[in-house]
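Colleague: Before I ask anything, let me first share the structure, which is written out below as structure tokens.
Every read-out reported here was derived from the displayed coordinates using simple, explicitly stated rules and does not represent laboratory data. Here the structure is a predicted model, which is why all the values come from computation and not from measurement. Here the Cβ is made from the backbone with ideal geometry for all residues, glycine too, and neighbour counts use every protein chain on show.
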Amino acid sequence: MHGFVLALFAAAILATAPFVLDRAEAAGFSPQLVQQGWRAAAGGALASLALAVPVFTTDLWAAPARSLGLTTDIAPEIGLGDVPLPAQVLVAVLVLVGLVAGWRRGGPVVRDYRRALRVQLDRLERTSPVLDEKERGHPRLVIVEDTQPRLVLLPSRPPRVEVTTRALDLLKPEELNAVLTHMTGHLRRRDALWMTVSETMAEAFPRIPFFARWADHSAALAEKGADDDVHGPIARSNLRRALAKLSGPGQANGPFCPCFAWPLQRQEELTVRTAPKPGRTPVAVAALRTLTAAALIVPTLVAASPHFLYI
């Protein structure tokens, strides 16, 4: 019963993943690994639900082909061929209504993100000369004349890092280098994109706690992951001092650069610690690996199974 298995599997992931990932984070796993766990859980649950819908609505999917005289009998091993047609129509209608309602709630997050990025880029082009891009794919550092100490990452194409003259006056070269290394980590992992995805899903499906928990953890994990790209106690001290100098009004927030959010907490996290990190318990290791592997493998195996296909 592929449809029931997929639906139950998606529900199990959405219910258990937050507790497993919180336990993994507390056990000292790297932020990058925990981020991958959140993304794998979300992708596995959504893929499982998307694959379950055609199984529950076999007659509706096969109707166009049957109207053309083609044979599209469902494999008997699936065991859902005798689902009443009214039930299939109800499932299809509920899915469509849910998607439309979700987009109406979550769509503004995507539109606001695009609009804000466009406003930032237009402002940057008006205040700074547009230079020819010689190394495509590399972030471009754009210097802006301004009395506010601002350093903003814009994930455009090509990506731009806006830095004001006041920020350059405040930062030492090694501090500026530490901040740019931190921002390069954001770009490499596409943190802005994933933060927007998590916020969109949280707004689209507010009754599913998993997506709200994912959105709450997304920014903090992105910051910790980018911090790990700054290696060594001296470099991390430089980053901590740079964030202290730049934190305050005038900085962009949200997906453009949450680096300067919660300055006191950020400075505490970047302080060199002498105490060892908590050990990873075997339960946390096994749970995280099982969750990530299952979320990626189970929907793939079901989709590739010959019993799932129409024959």
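Colleague: Tally Lys/Arg at +1 and Asp/Glu at -1 over every other residue whose Cβ is under 9 Å from the Cβ of PRO155; what's the total? Walk me through the intermediate numbers first.
Modeller: Numbers: positive: ARG157, ARG160, ARG190; negative: ASP191.
Charge balance near PRO155 sits at +2.
Colleague: Could you give me the ³J(HN,Hα) list for segment 105-122, computed from phi with Karplus coefficients 6.51, -1.76, 1.60 and θ = phi - 60°, whole Hz, x at Gly and Pro?
Modeller: Karplus values, whole Hz, x for Gly and Pro: 7, x, x, x, 5, 5, 5, 5, 4, 5, 5, 5, 5, 5, 5, 4, 5, 4.
Colleague: Full-extension gain between LEU8 and ILE297, please, as 0.36 nm times their residue separation minus the C-alpha to C-alpha distance. Before the final figure, lay out the partial values.
Modeller: On the way: separation 289, 0.36 × 289 = 104.04 nm, distance 1.53 nm.
Gain in length upon complete extension: 102.5 nm.
Colleague: Here's something else I'd like to know. For segment 174-241, run through the trypsin sites (Lys or Arg not before Pro) and keep only the ones in DSSP coil with at most 12 other Cβ atoms within 10 Å of their Cβ. Don't jump to the answer; show the numbers that get you there.
Modeller: Details: sites: ARG188, ARG189, ARG190, ARG207, ARG213, LYS224, ARG236, ARG240, ARG241; in loops: ARG190, ARG207.
When the trypsin sites (Lys or Arg not before Pro) of segment 174-241 are filtered for loop state and at most 12 Cβ neighbours within 10 Å, ARG207 remain.
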